[in-house]
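Here's the structure, in structure tokens; my notes come after.
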Amino acid sequence: MDLNNLQVVDLIKKNMRYQTAKERVISENLANATTPKYLAKDVAEPDFKKQVEANQTPKLAMRTTNEKHLTHQDAVMRHSNNAEFEVYTPKPTSPLTIDGNGVIIEDQLNQASKASGEYNRMITIYGKYMDMLKVANTKINA
């Protein structure tokens, strides 16, 4: 049994990749805290509930009825070329600095702390889940 192919493990890994992407964007925001007219960016949170529901529905094979339709391989290649998580620039909620910079260092550090905590929580859940599966998968000698 390959433990890495379980849906729970996949969701944990996706959340860890999301937190990593979020920390990368936060570090870029902090690096540009004094850049004129730079607005802080953020990462759109993935819809984990939608992913769970999608994995519960039976998957239908793609069928092309026209030569211009994408094949499954084309769709996979097109999706893999895009970033996994959408990075966007939210509308500033506080006044900009005189030079037009919209990065509030305290907010960015707070977001970085939350992302780091969530990442560490996912590592803990992953470890506990793997330990539980290993115990359940162990043959008991009586």
What tally of residues in segment 98-107 results from selecting those that are farther than 13 Å from Glu28 by Cα and part of a helix (DSSP H, G or I)? 2
Of all residues being open to solvent by 70 Å² or more (accessible area, probe 1.4 Å) and among the polar types (S, T, N, Q) in segment 5-37, which is modelled with the highest pLDDT? Just the residue, please. Thr34
Let me spell it out: the conditions are (1) open to solvent by less than 70 Å² (accessible area, probe 1.4 Å); (2) at pLDDT 85 or above, and Lys91 meets all of them except one. Which number is the exception? (1)
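Residue-wise test of (1) outside any helix (DSSP H, G or I); (2) open to solvent by 80 Å² or more (accessible area, probe 1.4 Å); (3) modelled with pLDDT under 75.
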residue: Leu39; (1), (2), (3): yes, no, no
residue: Val52; (1), (2), (3): no, no, yes
residue: Leu60; (1), (2), (3): yes, yes, yes
residue: Arg63; (1), (2), (3): yes, yes, yes
residue: Arg78; (1), (2), (3): no, yes, yes
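Yes or no, residue by residue, for (1) open to solvent by 80 Å² or more (accessible area, probe 1.4 Å); (2) at pLDDT 95 or above; (3) more than 30 Å from Val25 (Cβ to Cβ):
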position	(1), (2), (3)
Leu109	yes, yes, no
Ala112	no, yes, no
Arg121	yes, yes, no
Gly127	no, no, no
Ile140	yes, no, yes
Kindly provide the set of residues from segment 129-138 that are open to solvent by 40 Å² or more (accessible area, probe 1.4 Å) and assigned to a helix (DSSP H, G or I), ordered by number. Tyr129, Asp131, Met132, Lys134, Val135, Ala136, Asn137
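The values are calculated or read from the model by the stated rules, or taken from the named source; none is laboratory data. Note that the structure is a prediction, hence the values are computed from the model and not measured. Positions of Cβ are generated from backbone atoms using ideal geometry, with glycine treated the same way; all protein chains shown enter the neighbour counts. These accessible areas exclude ligands, DNA and RNA; they are computed on the full protein's heavy atoms, side chains included. Shrake-Rupley method; radii C 1.70, N 1.55, O 1.52, S 1.80 Å.
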